[in-house]
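Below: one structure, written as structure tokens.
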Amino acid sequence: MAIPALTRLERRDVDMHLTWDDGTIHEIRYDDLRHACPCANCSPQRNSDDSSFVLRQSVDALLAEKPTVRPTGNYALVFEWTTGCSSGIYRFERIWRIGQNEDPDQGKQYVHGAW
């Protein structure tokens, strides 16, 4: 699936405002972004409803903070937090799906590496 190009990202206190080149605007809360972390530690925790719920509780217990954001190549962003996990590399397609309120894992379970 081809997605529009990200043209603007504004970090706010509890969420970020994203503008895409097709005019789509997303507001994504940082706690939703953190729950959808694609790293090898966080991803398996979303494989079942029970462990995903525990992950969500862990994320919700963290203090709200505005992360540092840096690009990785031309395909992803990395969000760096002072607490919690900062290992995830968020491909633009993943960020788009989060903004569209779609499953960022596309129903696939994490199995030792890339999907």
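Coordinate-derived values only; no laboratory data. As the structure is a computational prediction, the values presented were derived from the model and not from experiment. Note that each Cβ is placed from the backbone with ideal geometry, even for glycine, and that neighbours are counted across all protein chains shown.
List of remarks:
- Dividing the C-alpha radius of gyration of the chain by 2.2 N^0.38 Å, with N its residue count, gives 1.02.
- Net charge contributed by nearby residues that have their C-beta within less than 13 Å of residue 7 (K/R +1, D/E -1): -2
- Note on residue 7 and residue 52: with the Förster distance fixed at 30 Å, the Cβ-Cβ geometry gives a FRET efficiency of about 0.40.
- FRET efficiency for residue 21 and residue 85, using Cβ-Cβ distance with R0 set to 30 Å, rounded to 0.05: 0.50
- Counted charge near residue 16, where neighbours are those whose Cβ lies closer than 11 Å (Asp, Glu -1; Lys, Arg +1): 0
- Taking Cα centre as origin and charging only the Cβ of basic (Lys, Arg, +1) and acidic (Asp, Glu, -1) residues, the dipole magnitude of segment 6-99 rounds to 240 debye.
- When the helices of the chain are scored as -39500 (n - 2.57) per DSSP H run of n ≥ 4 and the total is divided over every residue, the value at 222 nm lands at -6500 deg cm²/dmol.
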